[in-house]
Amino acid sequence: MPSYREEFTKGIFKNNGIFVLMLGLCPALAVTTSVTNAFAMGMAASAVLICSNVIVSALRGLIPKAVRIPCFIVVIATFVTMVDMVMKGFFYEQSRALAIFIPLIVVNCIILGRAEAFGYKNTVFRSFLDGAGTGLGFTLALILIGGIREVLGAGTLLGYPIWLDAYGRTVFQPMTGLVLAPGAFIVVGLLMAGFRAIGRHRQHPQMDQVTWE
Amino acid sequence: MNLQLILQIAILNLFVQNFVVQRFLGLCPFIGQSDDKHKAIGMGIAVTFVMTMASFVTYLLYAYFLVPDSWFLRTVFGPGAGITEAGLLDVLVTVSYILVIASLVQFVEMFLRRFVPTLYRAMGIYLALITTNCAVMGVALLNTTDAPQDLGLTGAVLQGVFAGLGFTLVMLLMAGIRERLEYLNVPPCFKGAPIAFLCTGLMALAFLGFAGMAGLG
């Protein structure tokens with residue numbers, strides 16, 4: 001039985017949802033045009049991930065094995081609706097920027113994957129740690145992609161222009177392609193390759209096959 | 001529904017706003033299933049089929065049940081009641097759409113297994129994966145709550161068909177590229193998904209050339 005610390009940290013780097021497991025890719029590319037959007041998406045998905053993992057784990061004795069996937073989907077959809085309403089109520093600008101990708105959290109494979117592979121088999125507290133760790137890993141990955149695309153593609157960071165010299169002149173021409181669709185694919189492809197090269201994933205040549213655990 | 005509108009929907013969803021390379025929907029099956037041409041075709045047909053059905057059903061659900069002052073709310077709660085005027089969009093869209101899609105996929109799978117076994121053998125295994133394909137849920141949302149203007153039932157179904165065909169087109173292109181990539185000597189850390197992403201990026205760059213085509217954004 002792994003330690004609590006391990007349950008939390010494994011989702012951040014070793015089993016990072018986006019770069020290693022390659023799940024939940026759609027929002028990772030679609031909403032990472034800026035760090036702010038990436039952070040908002042990461043927080044929304046993490047909230048759903050933690051809540052659904054805890055509830056699935058608490059109900060694991062009650063959910064029959066044959067109908068577990070529909071049950072997970074209903075639990076996840078409920079939390080997505082709640083997050084959607086909270087975002088619309090308190091962070092209206094962010095909710096407009098993320099548009100359909102907030103309701104689409106419901107079909108994010110990371111969340112269903114963790115409910116199936118972890119929440120359904122483990123205790124409530126462990127599921128909470130697993131959800132928090134995976135959510136943090138997802139958020140950090142989104143911020144990393146968003147940061148690269150915003151700094152190099154738009155020439156800003158958190159909406160403030162950077163790349164200015166002492167006289168306020170722009171010293172770097174932003175590469176607009178990076179905030180458009182092609183840039184997203186290229187940045188994520190390069191980051192994935194980088195993660196493999198620096199991580200210990202070289203020993204596992206089958207890493208591009210989806211592994212739930 | 002005139003021919004011009006049909007063509008507009010077709011070009012928009014096939015090329016200009018292609019679901020995979022421009023709208024980033026359905027990437028998991030796109031990366032996971034595009035390493036082989038037969039898999040790509042099977043997945044493409046299954047997705048097109050489910051997207052068409054899902055567009056039809058979710059549009060009816062939206063127009064007759066969920067919108068404010070809909071037929072269902074008027075009949076059950078009476079016109080002018082609080083819930084009739086508020087509608088159910090905020091609270092029920094996500095839950096009802098995902099349930100409709102999940103049960104639709106299950107139903108199609110059972111129907112095909114019973115009545116069209118040849119087709120079931122060709123695309124049966126992909127059907128199970130489609131419930132969590134965000135392209136299906138995405139087309140349902142883009143047809144209804146997030147549509148720029150009301151598409152009508154025909155428009156919604158057409159958008160479903162052409163979005164699915166656009167998905168199939170990109171799947172096939174990618175499968176062709178990846179079959180060639182098998183024989184190339186790419187660095188080990190780029191093997192598989194990372195190089196596929198870089199190729200998709202170049203493909204997306206090519207698809208950007210369609211922007212503004214036929215007066216569409």
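List of remarks:
- Mean per-residue shielding of peptide B:85-98 is 4, counting Cβ atoms of other chains within 10 Å of each Cβ.
- Choice from A:Ala117, A:Ala47, A:Ala132 showing the highest fluctuation, given a GNM over chain A with Cα pairs closer than 10 Å: A:Ala117
- Of A:Leu29, A:Leu129, A:Leu164, the one that fluctuates the most in a GNM where chain A has Cα springs shorter than 10 Å: A:Leu164
- Chain B shape via C-alpha gyration tensor axes, a/c threshold 1.5: prolate
- Residue-wise HN-Hα couplings along region B:133-139, as the Karplus relation 6.51 cos²θ - 1.76 cosθ + 1.60 with θ = phi - 60° gives them from phi, are 8, 6, 5, 5, 4, x, 5 Hz; Gly and Pro carry x.
- Mean Cα-pair separation over length for region A:4-196, i.e. relative contact order, pairs under 8 Å, 6 or more apart, %: 36 percent
- Scanning residues 5 or more positions from A:Leu157 or on other chains, those with amide H under 5 Å from its amide H are A:Ile162, with H placed 1.01 Å from N in the peptide plane.
- Within a straight-line Cα-Cα reach of under 27 Å, A:Lys14 can be paired with the following lysines, leaving aside sequence neighbours fewer than 8 residues apart in one chain: A:Lys121, B:Lys191.
- Shape analysis of region A:4-196 places it in the prolate category; the axes a ≥ b ≥ c from the Cα gyration tensor give an a/c of at least 1.5, with a/b above b/c.
- Three-way shape call for the protein assembly as shown based on the alpha-carbon gyration tensor, with the a/c threshold at 1.5: rounded
- Span-like helix ranges in chain A, DSSP H, alpha carbon extent 27 angstrom or more, Kyte mean at least -0.5: A:35-58, A:68-90, A:124-149
- Among A:Ala66, A:Ala99, A:Ala40, the largest mean-square fluctuation in a Gaussian network model of chain A (Cα springs under 10 Å) belongs to A:Ala66.
- The angle between the Cα long axis of helix B:152-181 and the longest principal axis of the Cα atoms of chain B comes to about 10 degrees, rounded to the nearest 10.
- Listed by chain and number, the aspartates and glutamates whose alpha-carbon sits under 13 Å from that of A:Lys10, ignoring those within fewer than 8 places in the same chain, are A:Asp130, A:Glu213.
- Sorted by Cβ density within 10 Å, fewest first, the residues A:Ile111, A:Ile76, B:Ile11: B:Ile11, A:Ile76, A:Ile111
- Listed from fewest to most Cβ neighbours within 10 Å, the set B:Met203, A:Met175 follows the order A:Met175, B:Met203.
Each reported figure results from applying straightforward, stated rules to the coordinates on display, with no laboratory input. Every value quoted in this text rests on a predicted model; they were computed, and no experiment measured them. Note that we place each Cβ from the backbone using ideal geometry, even for glycine, and neighbour counts take in every protein chain shown.
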